[in-house]
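Here the structure is laid out as structure tokens; the discussion comes afterwards.
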Amino acid sequence: MTHDHDLVLRPTEAQRAAALAPPPGRTGGDLVVETLCSLGANTVFGLPGRRALALFDAVGRSDLRFIGLRTENNAGFAADAYGRMTGEAVPLLLSAGPAALMTLPALAEAAAASAPVVAICAQVPVAGLGGGRRGHLNELRDQSASFREVVKSVHSARTPSQIPSVIAEAWESALTAPPGPVYVEIPEDVLRDETVIPQVTGVDATPHELAPRPELTAVAAHWLENAARPVIIAGGGVVRSDAAGKLRLLAERVNAPVVTTYGGKGAFPWTHPLSLQSWLGDRHTTDFLEDADVLLVVGSGLGELSSNHHTFFPTGRVVQIEADLGKLESNHAALGIHADARLALQALLETVAEREDPTAPERVRLLLADIASRTTPEAPSPEHQLLASIRAALPPRSPSFWDMTALSYRAWSAFDPKHPNTMHSAQGAGGPGYAFPAALGAAVAEPGTPVLAVSGDGGAMYAIAELATAVQHALDVTWLIVEDAPREPGAAPTRPDFAALAASFGVPATTTTPQSLRTDLTNSLKTPGPSLVLLHP
């Protein structure tokens, strides 16, 4: 009798042949690359460094596409965006010491946004580990300790035989809900030395599903179908789990208005009769949410930006669906359902009865009218006019990436993303310089789709070197740089001539005004390859 586990353990003829005659000259770096390829990777990001040269040499011998950026942090932002756009784990290859530490801001953003980045970092040779001070270049007492409080999990390989299992374990961790960045550490000599370990094939790293407990979804369904004024808050977890369609079905079944967080923009159609859009910073929305007798929070921890700076205090019952156990009921007592948003919404759809409420669309319309009367009086603000021009120029399915600028802060509430997973910003970790390198990563993930990056002149200075990356890989990214006015007299920073700087890289640049922005941006987005639009306010 043949058992299933016998079938799993028995090697194929091809695997037996590869094991008996592995190619000569292979190193630990090749084991890393073979494992990544076996897991399905086809693109890696990073920046070569001395301790990791064997790893990058192995990449050069493989079919992996290597996207090298000019700073490690920008490589992390690019990998973050690639992971957001594809939902796939994405390798980020790094050297040791300062090179690895440079990625911490980017990995913090990936953690906040649940982007599955697998950071594989070199280390000093094995003999220099364990806290001894042998004086190696790039030596740190405990490199992994710097990452432990930033990433989802930390993994290390100290021998070549550990590499496939360690990377597979990290890969699975990165993709299991809630997805997020992970850190893998491999010493230089383990990467560099030749190995007789057979070629890596058939690695499995299937992420665990995080399903809801049925007794909890049964209670939530009962509350929703019997509510008088239910409201739904949709966070980034809905987008990351690809659950926008299920969210819409549930909202329509129970006639519940839906507001999206800034990280959840696009999770619900902007112009839907039940859409409260994203005006979470407006007191009218806060009052509306506080008046709900049942509030369903999906994929959000109700943090600072999702709770009007912690001024929101629900008065009715709260149901919170959240894959990150640390965020569950961290701000408000609730019926906490620890689950992936997609699986939990599906469970609710299978349980909840239809709820009639002909007044819901009218309550939504009145709320949006109240918000509009305060935010867009008789003459629209300059920010609204700019956002309208950007929205008109940007193709509906093109992704956009926003730096921390005054225009972005307004866009968090007022910009219609048109589709899920098409508007991204660094509002998770709050770091500057995110937009352009992230847009490059998105362009790698979705070739043929124009991508927009929006930066202020200050944030642009963090990423200006990546114009070289955009040109090298012919990435279809338009970079809109807005010259922000200084908040205080005499506070204006010294600015380069961005148009001339772009031209020096061979990137076409256009200087525009608010009046001509729509036309100039439309033309730039239609131009293949990188381009820059400089907006004078």
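Only one of (1) under 24 Å from the mean Cα position of the chain (by Cα); (2) part of a helix (DSSP H, G or I); (3) among the aliphatic types (A, V, I, L, M) is not met by A251, so which one is it?
(1)
Consider segment 383-406. How many of its residues are open to solvent by less than 20 Å² (accessible area, probe 1.4 Å), part of a helix (DSSP H, G or I) and out of contact with any helix residue (DSSP H, G or I) (no Cβ under 6 Å at 6 or more places or on another chain)?
The number of residues fulfilling the criteria is 1.
Out of all the residues in segment 25-37, is one or more at pLDDT 95 or above, open to solvent by 40 Å² or more (accessible area, probe 1.4 Å) and within 27 Å of the chain's Cα centre (by Cα)?
Scanning segment 25-37 turns up at least one residue that is at pLDDT 95 or above, open to solvent by 40 Å² or more (accessible area, probe 1.4 Å) and within 27 Å of the chain's Cα centre (by Cα).
Out of contact with any helix residue (DSSP H, G or I) (no Cβ under 7 Å at 6 or more places or on another chain) and in contact (Cβ under 8 Å) with a residue 12 or more places away in the chain, is that true of G456?
yes
Name the residues in segment 448-462 that are within 17 Å of M85 (Cβ to Cβ) and either open to solvent by 40 Å² or more (accessible area, probe 1.4 Å) or out of contact with any Leu (no Cβ under 9 Å at 6 or more places or on another chain) (or both), would you?
G448, T449, listed by residue number.
What pairs come out if I take residues in segment 112-124 that are in contact (Cβ under 8 Å) with a residue 60 or more places away in the chain and surrounded by fewer than 24 Cβ atoms within 10 Å (Cβ to Cβ) and pair them with residues that are among the basic types (K, R) and assigned to a loop (DSSP other than H, G, I, E, B) whose C-beta lies under 8 Å away, six or more apart or interchain?
V124/R134
Which of (1) part of a helix (DSSP H, G or I); (2) surrounded by fewer than 20 Cβ atoms within 10 Å (Cβ to Cβ) is the odd one out, the single condition I197 does not satisfy?
Every condition holds for I197 apart from (1).
Taking into account only those residues within segment 125-158 that are modelled with pLDDT of 95 or more and of a type in the set (V, I, T), which is farthest from L325 (Cα to Cα)?
V154
Can you find a residue that is surrounded by 16 or more Cβ atoms within 10 Å (Cβ to Cβ), at negative phi, assigned to a loop (DSSP other than H, G, I, E, B) and modelled with pLDDT of 95 or more anywhere in segment 428-444?
Yes, segment 428-444 contains a residue that is surrounded by 16 or more Cβ atoms within 10 Å (Cβ to Cβ), at negative phi, assigned to a loop (DSSP other than H, G, I, E, B) and modelled with pLDDT of 95 or more.
Which residue is least open to solvent (accessible area, probe 1.4 Å), if the candidates are limited to segment 497-537 and must be without any contact (Cβ under 8 Å) to a residue 24 or more places away in the chain and part of a loop (DSSP other than H, G, I, E, B)?
Filtering first and then ranking leaves S516.
Need pairs with beta-carbon distance below 9 Å; first residue more than 13 Å from D282 (Cα to Cα) and open to solvent by 70 Å² or more (accessible area, probe 1.4 Å) and within segment 368-379, second part of a helix (DSSP H, G or I) and modelled with pLDDT under 90; sequence gap 6+ or separate chains.
Sorted first by the residue in segment 368-379, then by its partner, the list stays empty.
Specify which of the listed residues (T311, T261, T286) is touching a strand residue (DSSP E or B) at 6+ places or on another chain (Cβ under 9 Å) and β-branched (V, I, T).
That would be T261, the only listed residue that is touching a strand residue (DSSP E or B) at 6+ places or on another chain (Cβ under 9 Å) and β-branched (V, I, T).
Filtering segment 200-218 down to residues that are buried (at least 16 other Cβ atoms within 10 Å of the Cβ) and within 19 Å of P116 (Cα to Cα), which residue is modelled with the highest pLDDT?
L210
The values are calculated or read from the model by the stated rules, or taken from the named source; none is laboratory data. Keep in mind that what you see is a predicted model, and the values were worked out from it rather than measured. Neighbour counts are summed over all protein chains in view; Cβ atoms, including those assigned to glycine, are modelled from backbone coordinates with ideal geometry. These accessible areas exclude ligands, DNA and RNA; they are computed on the full protein's heavy atoms, side chains included. Shrake-Rupley method; radii C 1.70, N 1.55, O 1.52, S 1.80 Å.
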